[in-house]
Amino acid sequence: MSTSSEILKIEHLSWSIPDGAEVIRDLDLSLQSGKLIAVTGPNGGGKTSLAKLIAGLAQPSSGRILLNGADITALDITQRARLGIAFAFQQPVRFKGLTVRDLLELAAGGRLTDGELCALLGKVGLCANEYIHREMNASLSGGEAKRIEIATVLARSAQLSIFDEPEAGIDLWSFTRLVETFQELRRNQRGTLLIISHQERILSIADEIIVLADGKVRTMGPRETVLPSLLNDEHAALCPLEKEGV
Ligand SMILES: Nc1ncnc2c1ncn2[C@@H]1O[C@H](COP(=O)(O)OP(=O)(O)OP(=O)(O)O)[C@@H](O)[C@H]1O
């Protein structure tokens with residue numbers, strides 16, 4: 001059993017949108033390595049904004065982000081990706097001209113055998129034979145593109161993988177497979193997983209749950225203590241969870 005250490009530290013982080021409204025407000029956070037951490041909370045609470053700030057897609061107005069103790073606040077998304085941060089968008093990105101194989105090989109950093117591609121796509125409930133030569137264009141359905149994007153993050157085997165609402169737009173069977181994949185990664189301690197989700201099934205497999213509301217951490221703690229309070233009536237209005245289906 002490995003002892004976990006701090007992989008990400010966030011100090012006094014704030015971020016404002018162009019009209020001046022503060023979306024992330026003086027937020028402090030510490031994430032331990034090898035854990036599955038779920039981030040939940042009401043719509044508009046700042047979850048995606050926080051993920052973008054961590055991935056380097058947005059620059060904070062103030063505060064610091066440290067990865068393994070090193071200040072990465074000034075680094076852009078490419079530099080942070082090189083250091084081991086991978087981000088799967090809420091809305092998948094399409095890349096005209098690139099095939100699914102190209103994209104997964106780019107993510108993995110080298111050639112992949114058909115068997116490896118099959119294993120990766122199988123983790124998100126896709127059959128490789130039908131997909132590896134498909135172009136990442138509009139001919140893919142929203143759910144297919146979303147699952148391929150998730151597979152690219154899995155292919156990266158990053159130190160810190162961030163998934164923004166992986167449940168959004170994918171069918172129940174693929175979602176079940178994905179939840180199993182997250183559990184496998186957690187069991188094998190393959191990096192740290194930060195998963196933004198409204199799904200009780202994701203929250204139920206988390207080591208830690210963060211509830212974000214109004215740009216601040218409302219609650220953070222082990223699943224065993226946070227989830228019961230999220231499921232009771234007192235918190236239902238603050239953070240309605242999706243219990244069935246996707
Ligand atoms: N680029 C932007 N321009 C203007 N407003 C923005 C921008 N990005 C985020 N916001 C606003 O900031 C707030 C937080 O948005 P964010 O997407 O981070 O919330 P969220 O917690 O991820 O919500 P959801 O659960 O609906 O995905 C929202 O009110 C949103 O409208």
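The values are calculated or read from the model by the stated rules, or taken from the named source; none is laboratory data. Fair warning: this is a prediction, and the values are worked out from it, not measured in the lab. Neighbour counts run over all protein chains shown; Cβ positions are idealised from the backbone, glycine included.
Just a few scattered comments:
- Residues satisfying the stated conditions in segment 215-246, i.e. at positive phi and modelled with pLDDT under 95: 245
- For residue 82, the requirement of being free of Cβ contacts under 8 Å to residues at least 12 places away in the same chain and within 25 Å of residue 49 (Cβ to Cβ) is met.
- Qualifying residue in segment 56-77 (condition: at pLDDT below 95, within 11 Å of the ligand (Cβ to nearest atom), assigned to a loop (DSSP other than H, G, I, E, B) and not hydrophobic (A, V, I, L, M, F, W, C)): no
- Taking (1) touching a residue at least 60 places away in the same chain (Cβ under 8 Å); (2) closer than 18 Å to residue 86 by Cα in turn, residue 171 satisfies each apart from (2).
- Qualifying residues in segment 17-40 (those that are hydroxyl-bearing (Ser, Thr, Tyr) and buried (at least 16 other Cβ atoms within 10 Å of the Cβ)) - the one farthest from the ligand (Cβ to nearest atom): 33
- Residues that are under 15 Å from the mean Cα position of the chain (by Cα) and either away from the ligand (no atom under 16 Å from the Cβ) or under 10 Å from residue 36 (Cβ atoms) (or both), drawn from segment 181-200: 181, 182, 183, 185, 186, 190, 191, 192, 193, 194, 195
- Summed over segment 41-59, the residues that are in contact with a Pro (Cβ under 9 Å, 6 or more places away or on another chain) and surrounded by fewer than 21 Cβ atoms within 10 Å (Cβ to Cβ) give a count of 1.
- Test: residue 53 is under 23 Å from residue 218 (Cβ atoms), within 16 Å of the ligand (Cβ to nearest atom) and at pLDDT 95 or above: yes
- Among residues of segment 123-169 being in a loop (DSSP other than H, G, I, E, B) and within 16 Å of the ligand (Cβ to nearest atom), the one that is surrounded by the most Cβ atoms within 10 Å (Cβ to Cβ) is 166.
- If the condition is being hydrophobic (A, V, I, L, M, F, W, C) and either in contact (Cβ under 8 Å) with a residue 60 or more places away in the chain or buried (at least 18 other Cβ atoms within 10 Å of the Cβ) (or both), then segment 210-233 contributes 210, 211, 212, 213, 217, 220, 226, 227, 230.
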